[in-house]
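In what follows, a structure is listed as structure tokens, so that the remarks can point back to it.
The values are calculated or read from the model by the stated rules, or taken from the named source; none is laboratory data. None of the values given here were measured: they were computed from a predicted structure. Every residue, glycine as well, gets a Cβ built from its backbone with ideal geometry; the counts of neighbours run over all protein chains shown. Remember, those area values only see protein heavy atoms, side chains included, never the ligands or the DNA or RNA. Shrake-Rupley method; radii C 1.70, N 1.55, O 1.52, S 1.80 Å.
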Amino acid sequence: MSACTDESTARALVVRTARSLFTRGLTHGSTGNLSVRLADGTLLLTPTGSSLGTVEEGQLSRTDVHGKHLDGPRPTKEAFLHAAFYRARPGAHAVVHLHSTHAAAVSCLDGVNPADALPPLTAYYAMRVGKLPLLPYHAPGDSSLEPLAERTARTHHAVLLANHGPVVAGASMEQAADAIEELEETAKLHLLLRGHATRPLTPEQAAALASPSS
Ligand SMILES: O=C(O)[C@@H](O)C(=O)COP(=O)(O)O
Ligand SMILES: [Zn+2]
């Protein structure tokens, strides 16, 4: 997915990615939502209440970059969050939100560092995700989170919503999906390692690997 991808290719990519994430158990029921930014600046999003396992190309919603519904079915209730990421990150062309189990579990832990919810356990995590701010709990669809989400997204392409799940933007759908999968795997490692003495990468090691992600 890039700015020059045509709309039918973009629709196919959203559906293909949604099915792939759902069938591998990275989100369940009707949780999670995906979007892409088209060359004309409008956004295609999964509709509210849809399952990522069954959503179809012709059923996507369109909004503008302020979350205003333009056509198609009613968009995900998190359209405002997707739009906030696109406004904050001009290089972003895709946003993915999941309720992946281990990341959601970390989002419910007490004492998580709000500036960075997961340690850089592996080099791949440092390369794909980097710092992961924890945004305070808001009910799903509560747009009062929008200003903080937009401010945070200016400097971070991935965030964790407290008691909820991750949201990740990428220059392409492949990059966003790759990063959110890595976030889930690192959350799993983090939980597996609780109670064990661990040696995450040092801040210098992590910084040396950080990529200027969209
Ligand atoms: O957790 C929620 O309710 C939403 O964030 C979600 O994941 C699914 O909502 P819709 O995309 O509106 O179906
Ligand atoms: Zn959600």
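A few notes on this one:
- Candidate set: the range 142-158, residues that are of a type outside the set (Lys, Arg) and outside any helix (DSSP H, G or I); chosen: the one nearest to residue 67 (Cα to Cα): 142
- Every pair of residues 6+ apart whose Cβ atoms lie under 6 Å, when the first sits in the range 117-141 and is in a loop (DSSP other than H, G, I, E, B) while the second is of a type in the set (S, T, N, Q) and open to solvent by 50 Å² or more (accessible area, probe 1.4 Å): 137/163
- Qualifying residue in the range 80-90 (condition: out of contact with any strand residue (DSSP E or B) (no Cβ under 6 Å at 6 or more places or on another chain), without any contact (Cβ under 8 Å) to a residue 12 or more places away in the chain and open to solvent by 30 Å² or more (accessible area, probe 1.4 Å)): yes
- All told, residue 126 falls short of being open to solvent by less than 30 Å² (accessible area, probe 1.4 Å) and within 14 Å of the chain's Cα centre (by Cα).
- Among the residues of the range 31-39, at least one is in contact with a helix residue (DSSP H, G or I) (Cβ under 9 Å, 6 or more places away or on another chain), away from ligand 2 (no atom under 16 Å from the Cβ), in contact (Cβ under 8 Å) with a residue 40 or more places away in the chain and open to solvent by 20 Å² or more (accessible area, probe 1.4 Å).
- Only one of 148, 201, 134 that is within 16 Å of ligand 2 (Cβ to nearest atom), more than 28 Å from residue 19 (Cβ to Cβ) and open to solvent by 30 Å² or more (accessible area, probe 1.4 Å): 134
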